[in-house]
1. Please work out the FRET efficiency for the pair B:S64 and B:Q27, using the Cβ-Cβ distance as r and a Förster radius of 22 Å; give the result to the nearest 0.05.
2. Can you list residues from other chains, or at least 5 along the same chain, whose modelled amide H is less than 5 Å from the amide H of B:E502?
3. Roughly how big is the range B:194-293's charge dipole about its Cα centre, with Cβ charges of +1 (Lys, Arg) and -1 (Asp, Glu), in debye to the nearest 20?
4. Please sort B:406-419, A:129-142 by packing, taking for each peptide the average over its residues of neighbouring beta carbons within 10 angstrom, highest first.
5. Under 15 Å from the Cβ of B:A237, count the other residues' Cβ atoms, weight Lys and Arg +1, Asp and Glu -1, and hand me the total.
6. What does the charge add up to near A:V67, with Lys and Arg as +1, Asp and Glu as -1, over the other residues with Cβ less than 10 Å from its Cβ?
7. Using a cut-off of 9 Å between beta-carbons, work out the net charge of the residues near A:A479 (Lys and Arg +1, Asp and Glu -1, A:A479 not included).
8. What's the ranking of A:448-457, B:285-294 by average number of surrounding C-beta atoms within 10 Å, highest first?
Amino acid sequence: MSEPVTSAGASVSTVLRVAVVGHTNTGKTSLLRTLTRDESFGEVSDRPATTRHVEGATLMVRGRPAVELYDTPGLEDSTGLLDLLESAAGGRVARGDGLDRIRRFLASADADAASDAGRFQQEAKALRQVLASDVSLYVIDARDRVLGKHRDELEILAMCARPIVPVLNFTASPEAQIQLWRDHLSRANLHAVAEFDTVVVDDQTERRLLEKMRSLLDQHQATLSGLIQEREQLRAGLITTSCRVIADMLIDVAAHQVSVPAMDRGRMDQAMEPLRQRVREREQRCVEQLLQLHRFSKDDLAASDLPISDGRWGIDLFSPAAMKQFGVRAGSAAAAGAVAGLTIDAMVGGLTLGAATALGAAIGGALGLAHTHGRRLVDRVRGHSELAVDDSTLRLLMIRQSALLSALTRRGHASVAPIRMGSADQTRTHAYTSHRNSKAEKSLFDEIRQHPGWSRLQAAPNPSAWSESSRLNVQEELARIVQSMLQRGAGE
Amino acid sequence: MDPASDHHKLPRFDDRLLAETAAVWEQLEPFAADDRQANLEARDFEGDFELRLVERARLLPIASTLADALRHVRGAISLVVFLAIIAALLAGAATARAALGTPRDEPVNIFHVLAATLGPQTILLALWIGVMFKRHSASGMLSIVSLGGLAVRAGQWLARRVHPGRAYASAVAGCSRTFLRGSVGRWTFSSISHALWLSFNISCLSMLVFLLSTRQYSFAWETTILSAESYEPLTRAIASVPRAAGFLTPSDDQIAAGRWNGTTPPPFDASASQAWSALLVGSLVVYGIAPRLLLLGLSLGRARAARRRYRLDTARPEFARWRDVLEPTVHSMGVVDPSPQSLPTGLGVAAAHQTAAKASSRKAGGLPAVIGYELPPSLHANAWPPAIHGTRWHDLGMVDSRDDRRRVLSELAQATQEPASLVIVCSLTTTPDRGVGSFLAELAAAVSIPPLLVLTGGQRLRDRQAQNASGMPAIASTIESRLADWHAMAASAGIVRSRVLELDLEHLTRASQSRLAALLATGHLSASASHEPRFDLACSRIIAFADERSNDSRQVDAAAQATLHAEIARLYGDAPPRWRTLLHLPSDAAALAPASLASRLSASAERLSAMLPDRLKRSPRWLAAGATAGALGCVAAAALISPVAIGALPIWSGLGAAIAAVTQPGRSVKPDASPNDSPDDGSLDRVVRSAALFAMLLELQGFDERIITRVLDVTVTDADADDPAQHMRDAAEVERWLDELRHRFDLALAQEVRS
């Protein structure tokens, strides 16, 4: 195993160069986008010859360049090229002879971009990059049949005398013919085949791809192991951070309270609306933070089932539809609201028992009345009460953001279509809703409500000295709950 | 402490504290931090992400302000701790003074003194040990219960009182995040607590020794409920540790003699008193000072180690957000080898020239030849060669590989007679590339008449798109762009647009068969109506209508609509007038007199609406479209029977009523009452739907009514037409919609014919 050596010259040699090649429109640029997690890399479309240049990106491990990836134009006319390569020799090319022949072709007018005769200039670009690389990833659209053109491409690539890792793309499609491709590739002596789907990515596929490369490249084992390890760590860290982001939002929302005259329904509604608005804005900020963390742009998201469009949830947080969508029982929420109303009644001597119960039930879907102590007790004696966001809404917030997070973690950066929830996500949603850890969750929410100072929803946040540390503790605990919910969702 | 001075040293705890503080600062002032320079410099810092974060905080413009604030906050904490130590010293002395300050004639109760000096602190020590076992919550609990925690909080409170402002708020919060949490907090609080108790004990001891040196005390013990037998071992047990440490302790006799009965003072025994006071001093040293001293040393050591080990939690959002900036995982190299000005265009024409020369010298007359290029196996198993009525093929087979290409080209070149036409079938699921392009060019050059390119697999492509993004408007455009790519590719291979045909061989319909047959026969897409299916003509008429109207206002008046319907009806004019019976329309002009026309209108509107599948009946839009088609069909019939200008027919007042009667059955018919939800809003969308419905009806005339309903059910898929977003607004959208409709209509019809 070769460790990176200290001298600059030697460490350069451990950088692994990878050329991504394949037929046109098989998703080479998409693969690069996913590997670099950079959705702005190159240009992607369902059309031929979208990429006509060679573009590179370096993957860093602990701040040092480790792997250089090169995106190449598609090999469109491999048949013609193979004809050309063979016509020069007047027959099949002997194995050892291939590399010379490729070199001769690259020096010829056919490969010359400047000349009009250079009808293979695009193929030449790709092949030049293959020769300059340590390994080539040969991207295949697994929905295609094994055709002559693919055999020709493989034959040409074999002439280049570089290790090839075939990458089957679009494996998630029902049309994908994975076994057929594997059979064919093993017949071509290519056994380390990676499966990949640049639209639907799960954490293991990328790792497997890197492992396949590692198995072929002895002298780059350390580099690739380092890359695999770093990717795992980053991924784990990213999920932890995302859960903390969600937890932070939940604390801001749960701790937030407004004091209103208790029984005046009209004014209560008035008082609730700015509160709702602040909560909506906070949720939106959380969505933006998550998107930014996962490096997705806002216009990347628009959806039908998971209704994020323009980076926003389409269904209002406080609408019953939102509760229904994620299976949060609006009925229980209404009851909670009613109970909160009764508590207030007891405090003011049951003067308006009926009114408060009715009102509590009416607003139950959205808000409950939370009781805390201190100044608030005084408020209550004065006939004021405290409005806080109720458990169901908090739960909905939590589930909604977790659903978004799990969609984000499984999404390739190459996917052109917006995020939406497929059937798999639907079962995940059920996993969230069937998640019965709500006791710990509820007691945490109750605790948070005791600390209005934790909320940063107000215009001027001002962390008080000691609540800051307990807020962080609660944030971490809540983040753990979110994470366990996420794992349960993934485990379904 | 100065961030600039130890720039090149490894970061210390203070730097991390600064980073924590800066993180709070940035949360409070999200837009204030001008950090670009700091980010750039920190990115080049040699070290991991955490070190770069620390470095970044040191480089921030606000860093010195925050460092000052931190210094002040920590100063305030130190001040409070200092004051607390003084208070502890005073308290210690006072406790000793109070414990020994009994009236002269009474002996000092030794256990009271021990309890007063050692009691509270021993209880708190036990509590401390208990708390320290709960590692996770220890610092949180200590910050509340321990003297150290109280001191730190008081210091923070003091700092906040003295210095308002965000920088101090950040500094206080930063201190909270580090000192009030984790092992740093745990051991810092412990250190302060133990230091305070140590001070207490030392001053207590000093005062005790001072009093014992300067005054004469006699010591005793007394009890009411306990027996002497239990006291003596207790005393011995307490004395055992000081004795082991070398302190003089009372002997067993002295202990027994030390009991006081409350009335007469025991005689002063100098040696016994010495032994008792030595026990007192020894106990304070052994049980008070020694453990606190040890624990203080331990705590200081652990606190220092904890501070040294302290690392920023890079998973926290406020730090993690800098990862991409400070330690990018990807570095873009940009374009290494730029794209050419123009792509190669001459698709291997040079290679094909010879065959072209050869081909042109032959004369055409063979069977039409057909080639399948990279087609899915299901197609050439079932539908190959394409079954076109009255056509016998010269099947050149499938082309999948280089060998196939060579074989086909040589077969074409060697054939004695040139084929009457050459049909190349490609799949739309294939991305057109230069490889297929050069093959097309070679084929085009091999025959003298231009080949016909048939693009199959449209449904397959649609299915594939639908899987990727159901309900996305992008689908249509993707299919269109794929078609456009094929057209472009064909054009560069020398095949003109009119010789490229999208035709799904896997779903071959009568209409598409005849289209292909027509092309084979005439060589070009024929404009003559005899070969053209009427439905296609009707569609193009509707598109033309939409095209005229899209520049106009959106509202289409009924007369124009009726004219459209009449034109469509005229297309089917030569067919036996079965559609009239279908709609229960009379065949003589008299029955269509203005007087009876109104009732006729609603009758036929109802007829057509009844024929709609249930699914569509639920859509107000389709229901209205059906009613309109029916009513206007009646008008069209009238126009056909007695060729008058439609505009002259005095029926318009009845039309809206007839439609409204169908669409809103429960309502009294008042068409002008609510113009907003009047079903006949004359929007382009509705006009197109009703005209298309009418055309389909005419195409289907002669079929059983149930079949008509079934075909309509399969054909019309967009039942969500009530969604305004789905509405057609211009000719292009109309064309796309009609195109898909026509395709499904062909399919549905073919299925009915087969079954």
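No value in this document is a laboratory result; all are computed from the given coordinates. Just so it is clear, the structure is predicted and the values come from calculations on it, not from any experiment. Here the Cβ is made from the backbone with ideal geometry for all residues, glycine too, and neighbour counts use every protein chain on show.
1. 0.65
2. Those qualifying (amide H under 5 Å, at least 5 residues apart or on another chain) are B:L455.
3. About 360 debye.
4. A:129-142, B:406-419
5. Cβ neighbours under 15 Å give a net charge of -1.
6. Residues near A:V67 contribute -1 overall.
7. -1
8. Final packing ranking: A:448-457, B:285-294.
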